[in-house]
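Colleague: Sharing a structure, written as structure tokens. Questions coming.
The values are calculated or read from the model by the stated rules, or taken from the named source; none is laboratory data. Please read all numbers here as calculations on a predicted model, not as lab measurements. Note: ideal-geometry Cβ built from the backbone for every residue, glycine included; neighbour counts use all protein chains shown.
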Amino acid sequence: MADKNLIGLKEDASGFVKMNELANLVERLAARCLREIHLDVLSYISLEENRLKTLTTIVHELSEILRIPRSTLWYHVNFLKELGLIENRLGRPVKLTKKGEFILECMLSEMERGRK
């Protein structure tokens, strides 16, 4: 396990990493490791009007909106599924997992900070 001091996490008096420190690290990692297309996919899935759509429908629509090949979009969607950020079952609506909601919120927050 990595030394917390090496990655800049500070412990409180009881030896635990503070939650805001960990959230800050996750925010920075998400902003640097995930691409704009991942943010586009997560954002699109999170829209209220898309809550009943299947992943296939989402990919078809986003492919047209973003003007990128479906195969490229599927590649990125599968990456998000592997990370556990989106969840889908055959014939069921796609949705963000709790992790996906958190990461989307982190990415949007990091973007806001970058604009200021």
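Colleague: Just for the stretch 85-116: of the residues that are of a type in the set (Asp, Glu) and surrounded by 14 or more Cβ atoms within 10 Å (Cβ to Cβ), which one is modelled with the lowest pLDDT?
Modeller: My answer is Glu110.
Colleague: Of the conditions (1) exposed (fewer than 13 other Cβ atoms within 10 Å of the Cβ); (2) closer than 17 Å to Phe102 by Cα; (3) touching a Ser or Thr at 6+ places or on another chain (Cβ under 7 Å), Glu82 fails just one. Which one is it?
Modeller: (3)
Colleague: Exactly one condition in (1) in a helix (DSSP H, G or I); (2) hydrophobic (A, V, I, L, M, F, W, C); (3) modelled with pLDDT under 75; (4) loosely packed, with under 12 Cβ neighbours inside 10 Å is not met by Ala2; state its number.
Modeller: Result: Ala2 passes all but (1).
Colleague: Still on this model: What number of residues within the stretch 91-110 are under 11 Å from Ala23 (Cα atoms) and aliphatic (A, V, I, L, M)?
Modeller: So the answer is 1.
Colleague: Go through the stretch 62-75 and report how many residues are surrounded by 14 or more Cβ atoms within 10 Å (Cβ to Cβ) and part of a helix (DSSP H, G or I). Spell out the reasoning first.
Modeller: At the first step, the residues of the stretch 62-75 found to be surrounded by 14 or more Cβ atoms within 10 Å (Cβ to Cβ) are 62-63, 66, 68, 70, 73-74.
Within this subset, residues satisfying the condition of being part of a helix (DSSP H, G or I) are 62-63, 66, 70, 73-74.
Summing the residues that are surrounded by 14 or more Cβ atoms within 10 Å (Cβ to Cβ) and part of a helix (DSSP H, G or I) in the stretch 62-75 gives 6.
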